[in-house]
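Just below is one structure, and these are the notes that go with it.
The values are calculated or read from the model by the stated rules, or taken from the named source; none is laboratory data. Remember, it's a predicted structure, so these values are computed and weren't measured experimentally. A quick note on method: Cβ atoms are made from the backbone with ideal geometry, for glycine too, and the neighbour counts reach across all protein chains shown.
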Amino acid sequence: MKCPKCTGLLIQEEIQEHSGRFHGWRCIQCGLRLDQTIVQNRHDDHADAAGDLAGSSSHCSPDRRPRTAGRQKRPAGKT
């Protein structure tokens with residue numbers, strides 16, 4: 001399996017915490033850890049965010065354009 005963060009190799013490991021032991025995955029390159037609960041929560045968060053975005057578009061007036069993320073680059077040679 002490939003890591004969703006860095007595309008490194010995920011290896012299966014047994015994780016021990018206060019709540020007990022369970023199996024999960026760890027990336028040998030970046031150290032990202034995944035288990036079934038993390039994957040499910042991320043899936044639920046993405047579904048909620050998609051629903052929020054779909055619902056929020058109806059509240060915008062048609063003459064307003066959405067903001068673009070990040071800074072605008074200046075042309076080279078000008079300060």
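Ala50 fails exactly one of the following numbered conditions: (1) in a loop (DSSP other than H, G, I, E, B); (2) modelled with pLDDT under 75; (3) within 20 Å of the chain's Cα centre (by Cα). What is the number of that condition?
Going through (1) in a loop (DSSP other than H, G, I, E, B); (2) modelled with pLDDT under 75; (3) within 20 Å of the chain's Cα centre (by Cα) one by one, Ala50 breaks only (1).
Determine if segment 60-67 includes at least one residue that is closer than 27 Å to Lys5 by Cα and either outside any helix (DSSP H, G or I) or modelled with pLDDT of 70 or more (or both).
Yes, segment 60-67 contains a residue that is closer than 27 Å to Lys5 by Cα and either outside any helix (DSSP H, G or I) or modelled with pLDDT of 70 or more (or both).
With the structure loaded, tell me whether Gln40 is modelled with pLDDT of 80 or more and in contact with a His (Cβ under 7 Å, 6 or more places away or on another chain) or whether it fails that test.
no
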